[in-house]
Amino acid sequence: VTAMEMETGEISIFHAKATVFATGGSGRIYYSSTNAFINTGDGVGMAARAGIPLEDMEFWQFHPTGVAGAGVLITEGVR
């Protein structure tokens, strides 16, 4: 696996039998979400385009508490 540190630009190469591809969330693919605005699913998209098998992509958790007209939901911790 070749990886780049975003802040420094440093390139690292890792050799492993298995790799966990932890790229953050995809919750912002939905208009209303409590996810951070950066969680756009780019990592999942890169993996899919590279042919990496994805698993359990049909499972999403929704919290139905929101602010009308704001376009965001209130996190479960507020309730």
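Derivation of every value follows stated rules applied to the coordinates shown; laboratory data play no part. Since the structure is predicted, the reported quantities are computational estimates derived from the model, not experimental observations. Counting neighbours? That spans all protein chains shown, and the Cβs are built from the backbone with ideal geometry, glycine included.
Quick look at the numbers
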{"read-out": "Fewest-first ranking of MET6, MET57, using other Cβ atoms within 10 Å as the exposure measure", "value": "MET6, MET57"}
{"read-out": "For the chain: Kirkwood Rh in Å [reciprocal of mean 1/r, alpha carbons]", "value": "15.1"}
{"read-out": "Trypsin sites (Lys or Arg not before Pro) lying in DSSP loop within segment 1-63, provided at most 11 other Cβ fall within 10 Å", "value": "LYS17"}
